[in-house]
1. Residues of the stretch 584-611 with amide nitrogen under 20 Å from the 7 Å Cα-to-Cβ point of Thr234?
2. Between Ala474 and Asp3, what FRET efficiency follows from the Cβ-Cβ distance if R0 is 35 Å, with the result rounded to 0.05?
3. Test of understanding: given the chain, find the longest segment containing no GluC sites (Glu not before Pro) that are in a DSSP loop and have at most 11 other Cβ atoms within 10 Å.
4. Could you compute how much accessible surface Ser273 exposes when probed at 1.4 Å, giving the result in Å² to the nearest 10?
5. Suppose each label sits 7 Å from its Cα in the direction of the beta carbon; what would the Asn497-Arg433 distance come out to in nanometres?
6. Need the C-alpha centroid separation for the stretch 171-205 versus the stretch 524-539, integer Å.
7. Kindly give Rg over Rh for the stretch 28-102, based on alpha-carbon atoms, with the Kirkwood expression for the hydrodynamic radius.
8. So how do Asp541, Asp436 rank on accessible area, 1.4 Å probe, biggest first, that is with the largest at the start?
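The values are calculated or read from the model by the stated rules, or taken from the named source; none is laboratory data. All figures in this text were calculated on a predicted structure; none of them were measured in a lab. Cβ placement follows ideal geometry from the backbone for every residue including glycine, while neighbour counts extend to all protein chains displayed. Quick note on the areas: whole protein, heavy atoms, side chains included, nothing else; ligands and nucleic acids left out. Shrake-Rupley method; radii C 1.70, N 1.55, O 1.52, S 1.80 Å.
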Amino acid sequence: MTDLWPQLSALLPQVARPVRYIDHEFGAVHRSDFDDPSDTSFCMVYPDTYELGQANQAVRILVNAVNAAPGMWAERAFLPDADFCDLMRQEGLPLFSLEGCAPLAEFDCVGITLPHELAATNVLEALDLAGVALRSVDRAEEDPFVFGGGPCSYNPEPFAAFFDCLCIGEGEEWIVEVVGCVRNGRIAGKARTGILEDLARIPGSYVPSLYGPAPVPVETGALIVPCSDAAPRTVAKRVFNGFAESSGWEPCIVPFADLVHDRLNVEVLRGCSRGCRFCQAGMTYRPVRERSADNVVESVLTGLATTGYDEVSLTSLSTTDHSQIEQILVRLGSELSGTGIRVSIPSQRLDAFGVDMATLVAGEKRGGLTFAPEAGTQRLRDVINKNVTEEDLFNAIDASFKAGWRCCKLYFMLGLPTETDDDVKGIASLAQRAYDCAREATPADQRGRIQINVSCALFVPKAQTPFQWCGQIAPEEAMRRVNLLRHSVKYKGVRVNWHDPSTSFVEAIMSRGGRECADLVQGAWERGSRFDAWSEHFREDAWRSSAENLGLDVDVMAHRSFALDEVLPWQHISCGVSLGYLRLEHRRAMRGTTTEDCSFGRCTGCGLCQDLGTAVRVREARS
Ligand code: SF4
């Protein structure tokens, strides 16, 4: 493979933060470490800068999985920042892998994770910088196979044209199988189309080029149907069944550059069955699987000893729901006592955050405290099935402020289905009463430091959720509600922050759109859109101009509600939770009826365990 280092190093003095473009970080694995460089090569790309992508779990898991498998090896790549993208084009330097500084176009396979919908134009920026054809249909026999995966794969259609094969679900085992499939196909001298058909036979694989529009969607129950026998009618998600038994210690790289999340991450639990009706991960990462306390404690201690990090995060969708979380925290507390190492829990459910948990998490160095009531009234919390009460919030605030916290972030969403102005004002009232509760729990001489930060995102309807049929409110209406909230807050100690509705608007188009979105994305990119998740780079005008050019009404695409019997753009993709269950949950939401968490109660019939043929497992409710 070509070594681009001489060309790259000459340009580094001209760009911001060049440290993110050099490799040899502690723990990095180099192909020279492998005995047969002719093995099949894979480059894992994070479609944003190194600071954001290096700590990404998918990048670490997939690179480790390929490097651990025979006959293949992997390297990483990140999208350079905007200044370097422009300089690279000017100087003719193609996108390169970090470890070997090799052109991406020379790899056999390239993987691009899709962390969120706003990464779409960055996918094109990366492919274009790499000199790889933007669309699968335009790739030549020797071009890399471009794989995709991650949260956006549950409605893959807006991205479909740009990928040769997408992973629906979890990639730990899938990535080795698809890279192996390319390897075997090339060794056997198979044509690209033959290898694509082989890829489609691997469970969890979606090969968009083997599908086309359904002649009569209502008959087929899908807008997209196979046009090859190799392609399954419905692509069922891939589940990593070995998660619980697998070690929580994933060899990781300690970077030179400062990262957004610069700490050791140990995934303790996968999946969540709380059933929040807006939450895609809550539906798509089922079933719930836990790593045992022994596994977690050993993984944390190994990770800290290997990396030298002074902070470890116990990651999952709902870490305080782990059935052994207190045992884990007690054991880590004693093992790490006096070391100054912080153990943080990124996702605390406020109904699981009592005094004991607060004290255990507080440990020696307190991290940020975040609770997510999501809605300002009990009526709306029942509609979204959040299953938490005001009392839960006030108990958690009381416990954490008694344990020494003085600042707390409260997450809410605006624009949730059925939301009224009373619900918006309810956010202000709830936050102010949380402040009053914090004051009660705080010694008088420290009350001046109390801060409640209200952070509001705009609801984005997501595929594979009970709210997938709901439209998004218009950005103007979103700002009217933001201002209503701001004017309803009277306390100085309560601050209100909100996300820019225009970026959430593009997210909604991409999360509910079909194949027509590929032209929209490419048009926006050609008009200069990239780094759309960064407010300083986001270009709504480019998206709207692209839509106008294509005759697409993006307002309707984002705002209109789908009928419950309408065939949806992603109906050929299954996350295991049945369409019937999602419809049932939608109707229950509109009635304001809640559904219990099957982990702590009875099976509520989402269909996944039956679909997977796995036993329904009920966890012991924590005391
Ligand atoms: S099938 Fe039942 S037990 Fe299994 S995840 Fe769904 S609701 Fe829970």
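1. Within reach of a label on Thr234, which here means backbone N under 20 Å from a point 7 Å along Cα→Cβ, the stretch 584-611 contributes 584-587, 604-611.
2. For R0 = 35 Å, the calculated efficiency reads 0.10.
3. Free of exposed loop sites, the longest segment is 246-535.
4. 10 Å²
5. If labels sit at Asn497 and Arg433, their model points lie 2.5 nm apart.
6. 34 Å
7. 1.01
8. Correct descending sequence by accessible area is Asp541, Asp436.
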